[in-house]
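To keep things clear, I will list the structure first and then write my remarks on it.
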Amino acid sequence: MFILLNFPKYNAVNLTIDLGNIILIIIVFQSVLFSLILLTYKGKKRASNFLLSLFLLTIACQFLFILLREAFNFHNYNGVRVIFAFAYGPLLYLYSESLIYEFFRPKFKYLIHFIPSFIALVCFFFNIPTKSFMAPILYVILICYITFAIVKIVKYRRVLVNAMSTTNQTDLKWLQWIMIIFILALIFDIVDYFFINTRVVFGISLADTVILFLINWIFFKGLKQPQIFLGISKKDLYEAQEIKNLNRSRVLDETAKYKYSSLSKEEMNIISIRIKELFESENLYLEPQLKIEELAKRLNVTRHNISQTINLMAQKPFYDFVNEYRVNHFKKLLTDRNNRKFTILALGIESGFNSKATLNRVFKQNIGQTPREYRRSHFIK
């Protein structure tokens with residue numbers, strides 16, 4: 001168990017080499033190794049890599065104490081590892097924020113998140129027993145932090161669809177999976193601590209096994225995070241709030257619904273016509289990484305006004321607006337008999353989609369069929 005389980009006492013300097021302890025050794029080794037690699041990685045998101053490295057080092061320290069407990073019969077083991085356990089939630093939460101927000105910078109005030117770890121450290125030095133009352137508090141705090149992080153990711157995606165036409169590389173689904181995997185390990189940990197022993201096969205802890213998988217997932221996914229998109233800006237957040245107000249106004253009459261907008265209805269009509277002309281004349285939507293900034297630059301209009309216009313006039317975010325054009329273009333290619341020699345994916349890429357998964361999902365959302373079903377039904381007719 002990776003947080004609070006009791007382990008049987010061993011004689012001094014006597015570490016049993018079994019599968020369970022081998023997993024612990026691998027966890028410590030990989031955590032330290034991956035942490036050092038992240039610290040020396042020259043990507044643009046150094047604050048993110050630093051926080052992720054701290055998270056891995058925290059895991060390494062806690063599991064190292066598990067090994068020391070078994071090797072040297074360290075009696076106050078629970079008091080030490082709870083110090084590290086309290087840090088997991090804040091580190092994952094701050095790591096999420098560092099990826100989500102372009103303007104994230106490490107600040108002294110963030111240390112307030114680690115007050116529980118500091119309290120546990122004080123308890124350890126003054127030999128205050130913590131096992132009886134710290135366990136429930138620890139689990140509640142961890143669950144709260146992971147929940148807050150997932151909520152942040154969901155809100156981030158809502159903002160993202162108003163800024164980009166393609167989100168599959170920047171939607172942070174892999175980060176959400178980190179949270180889910182961590183929650184799975186936490187569930188096994190809670191079951192192991194309060195209910196039944198999960199070490200049913202060769203004494204291997206299910207929670208430890210999940211943590212080992214999590215470490216490898218974190219490294220390969222975290223290191224390969226997209227560097228093109230560095231997070232959402234304060235301007236993105238401001239525009240998202242205004243768009244939220246605009247969406248609320250749709251239930252109002254024609255006059256009232258424009259009160260939340262800085263543009264008049266006539267100004268929006270003009271911008272809307274210009275967007276449509278640009279899309280139809282230059283096929284701008286065929287650019288896979290099209291961003292709202294590029295469209296604003298081409299029209300010499302602020303991205304704020306572009307976003308407002310699309311959301312109110314087309315009643316959809318920028319992401320859906322661009323993909324609707326891509327779907328229509330793709331349908332023409334798909335139903336052209338001269339294109340039967342090309343694969344569906346090739347035609348999708350030609351239409352501005354950058355992955356098969358995105359193509360299938362967006363096409364089915366708009367048409368109600370998969371591209372393969374649509375093509376088959378068309379040629380049968």
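Quick note: the coordinates plus some simple rules give every number you see, no bench work behind them. Predicted model only: the values in this text are computed from it and were never measured. Ideal geometry is used to build each Cβ from the backbone, glycine not excepted, and the neighbour counts take in all protein chains shown.
Points worth noting:
- Calculated SAXS-style log₁₀ I(q)/I(0) at q = 0.18, 0.19, 0.31 Å⁻¹ - region 269-324, Debye, Cα scatterers: -0.51, -0.57, -1.72
- Full extension of the chain between Arg337 and Tyr41 yields a length gain of 101.6 nm, computed as 0.36 nm times the residue separation minus the alpha carbon distance.
- Extension gain, Lys109-Leu121: 0.36 nm per intervening residue step, less the Cα-Cα distance, totals 2.4 nm.
- Distance between the pseudo-spin-label points of Ile25 and Asn197 (7 Å out from Cα toward the beta carbon): 2.3 nm.
- Where Rh is the Kirkwood radius over Cα pairs, Rg/Rh for region 324-381: 0.91
- Taking Thr302, Thr40 and counting other C-beta atoms within 10 Å, the order from fewest to most: Thr40, Thr302
- Residue pairs, from the table Lys276/Lys341; Lys45/Lys276; Lys173/Lys341; Lys276/Lys331, whose Cα atoms sit over 25 Å apart: Lys276/Lys341; Lys45/Lys276; Lys173/Lys341
- Neighbour-count ranking [beta-carbon atoms within 10 angstrom, fewest first] of Ile115, Ile178, Ile37: Ile115, Ile37, Ile178
- Computed from the C-beta positions of Lys265 and Ala357, the FRET efficiency with R₀ = 45 Å rounds to 0.75.
- Summarising the amide proton neighbourhood of Tyr101: residues at separation of 5 or more, or on other chains, whose placed amide H is nearer than 5 Å comprise Ile232.
- The string of couplings for region 302-312 from the Karplus curve (6.51, -1.76, 1.60, θ = phi - 60°) is 5, 4, 4, 6, 4, 4, 4, 4, 5, 5, 8 Hz, one whole number per residue in order, with x for Gly and Pro.
- Relative packing of 18-26, 308-316, which averages over residues the other C-beta atoms within 10 Å, highest first: 308-316, 18-26
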